[in-house]
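Notes follow the structure.
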Amino acid sequence: GNLGGRQTIGQVFSDYEVVRNATDNFDGRNLVGKGGFGEVYKGRLVDGRTIAVKKLNGRQSTQALDEFVKEVELISSVRHRNLVRLLGCCTHGHERLLVYEFMSNNSLDKHLFGDAKNQLQWDVRFSIVLGTARGLAYLHDDSNARIIQRDIKAANILLDDKFQPRIADFGLAKFFPEGETQVSTRIGGTIGYTAPEYALQGQLSEKADVYSYGIVILEIVSGRNCNDLKLPKPLQFLLQL
């Protein structure tokens, strides 16, 4: 199929019907995540492959949809074993959908702070630290796109079937106007992970990602969330301990 007259990006994923059928018409039982950007659904293709479909918030003009497709073409050219691969996208009416490979072991935060916490062995933790650094270095220095991720945090590091880390959501920030309130946390990163110069002065560089990555390392080593508001006041923020 084609997309606004443009050839497909990934494989079969410019076809809205294929994506809709894979998710059983975006059935609530297939909803696996929700954030400022929209919703994520698990889907199964006819050939048995599992995909993750990200349905982005907000209705878009035709021009914005064209920009979206161009941007996805750029992001889908970025490939590295420590990045979640974008397989393609489609638009339907004013909706925008992104299709990714599915990561079977969920996100790192679930393993660090969820019901399964304390179960990651030290060698696995170390390989997550290392793999995430490799993915970031590729985004910053080696990809054609030179992408700053902007929101490195445990929830954006997904784990594949071998518990190798894959950075998710890179390049997505460009899809949102700076002023959009529902994604203001997305644009400004996430409280606790955001570099001071970015949070306070809006100065964005690769260093902001490296700062956030440092916070993730602290979380991996300590097993503690960088901002846990359930704890007494002096213990809430990891950096203040």
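Within the range 115-167, how many residues are at positive phi and either in the same structural domain as residue 72 (by TED's automatic domain parsing) or within 17 Å of the chain's Cα centre (by Cα) (or both)? Full working, then the answer.
Kept after step one, since they are at positive phi, are these residues of the range 115-167: 118, 146, 150, 163.
Narrowing the set further to residues that are either in the same structural domain as residue 72 (by TED's automatic domain parsing) or within 17 Å of the chain's Cα centre (by Cα) (or both) leaves 146, 150, 163.
Adding up the residues that qualify gives 3.
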Checking residue 42 against (1) surrounded by fewer than 18 Cβ atoms within 10 Å (Cβ to Cβ); (2) touching a residue at least 60 places away in the same chain (Cβ under 8 Å); (3) more than 27 Å from residue 144 (Cβ to Cβ), which test does it fail?
-> (1)
The range 83-114: number of residues that are within 14 Å of the chain's Cα centre (by Cα) and among the hydroxyl-bearing types (Ser, Thr, Tyr) | 2
Please name all residue pairs, on different chains or six or more residues apart, with Cβ atoms under 7 Å, provided the first residue is in the range 22-37 and is part of a loop (DSSP other than H, G, I, E, B) and the second residue is surrounded by 14 or more Cβ atoms within 10 Å (Cβ to Cβ) and hydrophobic (A, V, I, L, M, F, W, C).
-> 23/53; 36/183; 37/56; 37/172; 37/183
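Of the residues that sit in the range 6-19 and are over 21 Å from the mean Cα position of the chain (by Cα) and at pLDDT 85 or above, which one is surrounded by the most Cβ atoms within 10 Å (Cβ to Cβ)?
First pass over the range 6-19, keeping only residues over 21 Å from the mean Cα position of the chain (by Cα): 6-8, 12, 15-18.
When the remaining residues are screened for being at pLDDT 85 or above, the result is 15-18.
On the way: 15: 15, 16: 16, 17: 10, 18: 19.
That would be 18.
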Filtering the range 90-107 down to residues that are among the hydrophobic types (A, V, I, L, M, F, W, C) and touching a Phe, Trp or Tyr at 6+ places or on another chain (Cβ under 7 Å) yields 90, 99
Among the residues of the range 48-64, which ones are modelled with pLDDT of 90 or more and assigned to a loop (DSSP other than H, G, I, E, B)?
-> 48, 49
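State all residues of the range 190-223 that are without any contact (Cβ under 8 Å) to a residue 40 or more places away in the chain and assigned to a loop (DSSP other than H, G, I, E, B); if no residue qualifies, say none.
If we filter the range 190-223 for residues that are without any contact (Cβ under 8 Å) to a residue 40 or more places away in the chain, which is where we start, we get 190-191, 194-203, 207, 211, 214, 218, 222.
Within the range 190-223, 190, 191, 194, 195, 202, 203 meet the criteria.
The values are calculated or read from the model by the stated rules, or taken from the named source; none is laboratory data. No experiment lies behind these values; they were computed from the predicted model shown. Note: ideal-geometry Cβ built from the backbone for every residue, glycine included; neighbour counts use all protein chains shown.
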